[in-house]
1. Mind counting the residues in the range 131-152 that are within 21 Å of Pro251 (Cβ to Cβ) and open to solvent by less than 10 Å² (accessible area, probe 1.4 Å)?
2. Residue check, Ile220 against (1) farther than 25 Å from Lys114 by Cα; (2) under 19 Å from the mean Cα position of the chain (by Cα); (3) open to solvent by less than 40 Å² (accessible area, probe 1.4 Å); (4) not basic (Lys, Arg), all met but one. Which one?
3. Take the residues of the range 233-248 that are open to solvent by 30 Å² or more (accessible area, probe 1.4 Å) and part of a loop (DSSP other than H, G, I, E, B): which is farthest from Glu145 (Cα to Cα)?
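The values are calculated or read from the model by the stated rules, or taken from the named source; none is laboratory data. Fair warning: this is a prediction, and the values are worked out from it, not measured in the lab. Because the Cβ atoms are built from the backbone with ideal geometry, glycine has one as well, and the counts that use them run over all protein chains shown. When the accessible area is computed, the model is the full protein with side chains, heavy atoms only, and any ligands, DNA or RNA have been set aside. Shrake-Rupley method; radii C 1.70, N 1.55, O 1.52, S 1.80 Å.
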Amino acid sequence: MQKPLATALLVVILACAAYWLFMPRDLPDATPPATPAIRQPTAPSTVDRHPVLQDDAPLTATPTPQAVMPATADDDLVAPPTTLDGSDSVVLDAVNELSADVVAWLLPQEQVRKWVVLVNALADGKVPVKDRPLEYPLPAFKAQEKDGSLWLDRANYGRTTTLIKALTRMPPSRVARHYAAWQPLLQQAQDELGNGADFDERLHTAIDRILAIRPRTGMIELKAGVLKFTYADPQMEKASAVEKMLWRLGPSNTLRIQNYLRDLKPLL
């Protein structure tokens, strides 16, 4: 018997990384501070003073070794349901079987349908604006003022590290093996979208899009908009929503996700 939808969801989570983390609600009012003083080129001041986590991972392109768990044919595991309706309780039980941290972040309604919608959007380079499948607590987004300009605060990169580490600890071979058991249910949700697409193909497209993104290092300049910050570089601002999302995760977390997906993709 195969593991249930928990592992299939982990494939999808890692294909999308964290779309719900970077909606406009994630950004503070981007109005520049009132009556700014004339600044000398000294250490940057912080616009938003909410505490944040720090990214403790070194930037490296070397994939993290993944522990491979041996398959056992007689495991007494939760079986996948045959229909989407009423499947949420099974999803939660299945995810809890693998990670109490992950299950604590799931929103309980329409899990399978939400993940399939998310994968389809990401395959097109888009980010959905509603129906989040997860809720992950985030400190406020921070920007730095320096030499008369606004810059993305690198402290933001640590905000999602706990989530991404929890997901990338799942052995890729195990995730891929169990994904196959739940593919029919994911395809049911795909068919409901009415676009005639194959979910496996959409998932691979989403993964390929993420793998093609080049992590951004160095300082990133921002512009203060009415509701949120935007990138000062016009080319960066014209990039897809998925690219912008990965850039805000930071280079270390972007590489964590990409290295994991490189290990996983050949196994799917």
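1. Of the residues in that region, 3 qualify.
2. (2)
3. Result: Lys238.
Okay, residues lined up against (1) assigned to a helix (DSSP H, G or I); (2) touching a residue at least 60 places away in the same chain (Cβ under 8 Å):
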{"site": "Ala189", "(1), (2)": "yes, yes"}
{"site": "Gly194", "(1), (2)": "no, no"}
{"site": "Asp208", "(1), (2)": "yes, no"}
{"site": "Thr217", "(1), (2)": "no, yes"}
{"site": "Ile257", "(1), (2)": "yes, yes"}
